[in-house]
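J.: Here's a structure for you.
The values are calculated or read from the model by the stated rules, or taken from the named source; none is laboratory data. Small disclaimer: the values here were computed from a predicted structure and weren't measured. Heads up, the Cβs are rebuilt from the backbone with ideal geometry, glycines too, and the neighbour counts pull from every protein chain shown. Side chains are part of the model used for accessible areas, which takes the heavy atoms of the whole protein and leaves out ligands, DNA and RNA. Shrake-Rupley method; radii C 1.70, N 1.55, O 1.52, S 1.80 Å.
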Amino acid sequence: MAMDLTYKNPRYPSAKVVNGLSMAGPRAHLRGMGLSNDDLAKPFIGVINTYNEMHPGHVHLDRLGRQVRDGILEAGGIPFEVNTISICDGFSQGHVGMCSVLPSREIIADSIEVYTGGHQLDGLVLIGGCDKIVPAMLMAALRVNLPTVIVTGGPMMPAVYKGRQYATYELKEMAGMLTRGELSKEEYEYMEGLMSPGPGSCAMMGTANTMSVAAEALGLTMPGSACAHAVSGAKNRVARESGKTVVRLVKDNVRPRDIVTQEMLELAVRVCLAVGGSTNMTLHFPAIAHEAGLKMTLEDIDLLSAQTPYLAKIKPSGSHTMLDLEQAGGVGAVMRELDGIIKLDLMTVNGKTHRQNLELAVQRNPEVIRPIANAYSNHGSLVALKGNLAPDGAVVKQSAVAPQMRRHSGPAHCFECEEAAVEGIYSGKVKDGEVIIIRNEGPQSGPGMREMLTATAALVGMGFAETVALVTDGRFSGATRGPCIGHVSPETSRRGPIAALRDGDIIDIDIDAGTLNVRLTGEEIAQRLEKLPPYSPKVKEGYLARYARMVTPAAQGAILE
């Protein structure tokens, strides 16, 4: 008679690992790690953490991992914690290291998929906190489509100096003040010691916090997760509750694609637009939608932005911090203000709808989260631009543009990379009225579509924020402010019109009309492009070379084919 060696419900993927005579080896390994027969019957939950020691947004995630594991054990699951990579944008700004940052999104998503499939886990808690990491986790959750809860690491506390709150990006802008003699070297160095006061994602509505807002609005985190600060007890409670919740999701067989519908996707885009979300969301939302089998294009985001009021002006677009947003009621209070524009009767991971979760949400500060009747504008934070310079589109964070720069015409001043542009700005080569062109920085041509934060911070610091525009096929940090237009598509390597520009060409920018043009005819552009040498990749080997060969244009989310 065959011996019954069934320990686990065959519905669970991990049953393949523990059930049956042939699985004695895996069972031996599990018993060797301390599991009992009773444990073999419980859901196996992967706790995939991006904790590391060279990333302020992730240096505390080991603590959150412990909270998650405790919650899983309390709810009757078995946690298995592993790590995957996370790169800090702050360390990689302004040099070749930034080429690796956006491509790391695909590595993180792939690593989660591979580990989950290889070990046949039953559910996941994904812990991460910054720019490419949260989008990667959202992509992975929707791709593997196992019961999943996301735990975002939480914002950093703002720096405080002479009674004013600061975010890290402002230090880069102070470099211009130092160069102009408006700040002493001693005060600048003192500010360096203040600007990153502890763990967490930078205290502003950059990409990190934009995508944490997105994760909560998508219904894949516990309520309050996005704004619960990294050092807070609230963040610990969110992590522990996430561990308990994922076990219930496994038992009830509730999966991410059950939650992230097209309506939920549109809700999340609108919430991000209402709080001044980063231009990088135009890369990440199309990629997230792709993994869910849904649709979200640059044009879709532009349309939603035109129909979404701008309610919270968080640094760098305004003077408020993420701490102000949390104290004003956080994402829940924003969603409450948007009721009627967004559909709140959509289910989230905690088994309640957004509307039910909002029953306890209180709008505590109408100066931080404005009511719709007093919105900063009837338009969300982003505008897509098209024209003969960007036939497939470009994007600008219009909420951070001074009124007098919403329409601007000026001569092009062309640079072939960010470093050359930064040198030009600090050395006095850039003049008022110009349009700086930074090319060869797209997903393929970069490769990796570097952020131009060093260049944009130099513009602000040198006093050009209201007199000089910047146009690039690269992208921007969420810290960027001013008339900075990125994601120009087609990019330089694909021989888009940006490759044909020369110094002195007149560029016409009209944010209100949604246009970006150069005063050249189609024939002139075509003739110039014809004379260019064939494109030669900057990187010839390794992952970045493969990435450059496989990546789609920015207008399609820079996903890998």
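J.: Determine whether ALA375 is touching a Leu at 6+ places or on another chain (Cβ under 8 Å) and either farther than 23 Å from TYR169 by Cβ or buried (at least 22 other Cβ atoms within 10 Å of the Cβ) (or both).
T.: Taking the combined requirement at face value, the residue satisfies it.
J.: Being closer than 29 Å to ALA15 by Cα and touching a His at 6+ places or on another chain (Cβ under 8 Å) is true for just one of GLY128, GLY76. Which residue is that?
T.: Only one candidate qualifies: GLY128.
J.: Next question, about the same structure. Would you point out the residue of region 26-44, among those that are without any contact (Cβ under 8 Å) to a residue 24 or more places away in the chain and assigned to a helix (DSSP H, G or I), that is most open to solvent (accessible area, probe 1.4 Å)?
T.: As a first pass, look at region 26-44 and keep what is without any contact (Cβ under 8 Å) to a residue 24 or more places away in the chain: 26-34, 36, 38.
Those left that are additionally assigned to a helix (DSSP H, G or I): 26-32, 38.
Working: PRO26: 40, ARG27: 13, ALA28: 59, HIS29: 136, LEU30: 14, ARG31: 97, GLY32: 69, ASP38: 114 Å².
So the residue we want is HIS29.
J.: Right, here's the next one. LEU303 - would you say it is under 22 Å from GLY514 (Cβ atoms) and either open to solvent by 10 Å² or more (accessible area, probe 1.4 Å) or in contact with a Ser or Thr (Cβ under 7 Å, 6 or more places away or on another chain) (or both)? Step through it out loud before you land on a result.
T.: Working: under 22 Å from GLY514 (Cβ atoms): yes; either open to solvent by 10 Å² or more (accessible area, probe 1.4 Å) or in contact with a Ser or Thr (Cβ under 7 Å, 6 or more places away or on another chain) (or both): yes.
Here the answer is yes, as LEU303 does meet what is asked.
J.: Looking at this structure, is VAL47 in contact (Cβ under 8 Å) with a residue 60 or more places away in the chain, part of a helix (DSSP H, G or I) and surrounded by 21 or more Cβ atoms within 10 Å (Cβ to Cβ)?
T.: no
J.: Of the residues that sit in region 187-217 and are farther than 19 Å from PRO316 by Cα and of a type in the set (D, E, K, R), which one is most open to solvent (accessible area, probe 1.4 Å)?
T.: Only one residue fits best here, namely GLU189.
J.: Return yes when SER104 is under 21 Å from the mean Cα position of the chain (by Cα), among the hydroxyl-bearing types (Ser, Thr, Tyr) and open to solvent by 10 Å² or more (accessible area, probe 1.4 Å) and no when it is not.
T.: no
J.: Out of (1) at pLDDT 95 or above; (2) open to solvent by 20 Å² or more (accessible area, probe 1.4 Å), what's the single condition that is false for PRO309?
T.: Failed condition: (2).
J.: All but one of (1) among the polar types (S, T, N, Q); (2) surrounded by fewer than 17 Cβ atoms within 10 Å (Cβ to Cβ); (3) at pLDDT below 90 hold for SER184; which doesn't?
T.: It is condition (3) that SER184 fails.
J.: Would you point out the residue of region 6-61, among those that are in contact with a strand residue (DSSP E or B) (Cβ under 6 Å, 6 or more places away or on another chain) and small (Gly, Ala, Ser), that is nearest to ALA167 (Cα to Cα)?
T.: GLY57
J.: Of all residues in region 132-156, which are open to solvent by 20 Å² or more (accessible area, probe 1.4 Å) and under 19 Å from the mean Cα position of the chain (by Cα)?
T.: ARG143
J.: If you don't mind, another one. Need pairs with beta-carbon distance below 9 Å; first residue without any contact (Cβ under 8 Å) to a residue 60 or more places away in the chain and under 14 Å from MET550 (Cβ atoms) and within region 434-446, second assigned to a strand (DSSP E or B) and not basic (Lys, Arg); sequence gap 6+ or separate chains.
T.: none
J.: Another one. How about region 129-225: which strands (runs of 3 or more DSSP E) wholly inside it have at least 1 residues that are in contact (Cβ under 8 Å) with a residue 60 or more places away in the chain and farther than 30 Å from ILE559 by Cα? If you could, list the steps in order and put the result at the bottom.
T.: Numbers: elements: 148-152, 159-161, 164-166.
Output list reads 164-166.
J.: For region 290-300, what are the residues that are surrounded by fewer than 23 Cβ atoms within 10 Å (Cβ to Cβ) and within 26 Å of ASN378 (Cα to Cα)?
T.: Selection gives LYS295, THR297, GLU299, ASP300.
J.: Which condition number in (1) out of contact with any helix residue (DSSP H, G or I) (no Cβ under 6 Å at 6 or more places or on another chain); (2) polar (S, T, N, Q); (3) in contact (Cβ under 8 Å) with a residue 24 or more places away in the chain; (4) open to solvent by 20 Å² or more (accessible area, probe 1.4 Å) is the one that THR245 fails?
T.: Exception for THR245: condition (4).
J.: Going by what's in this entry, would MET23 be described as crowded, with 18+ Cβ neighbours inside 10 Å, part of a helix (DSSP H, G or I) and of a type outside the set (Ser, Thr, Tyr)?
T.: no
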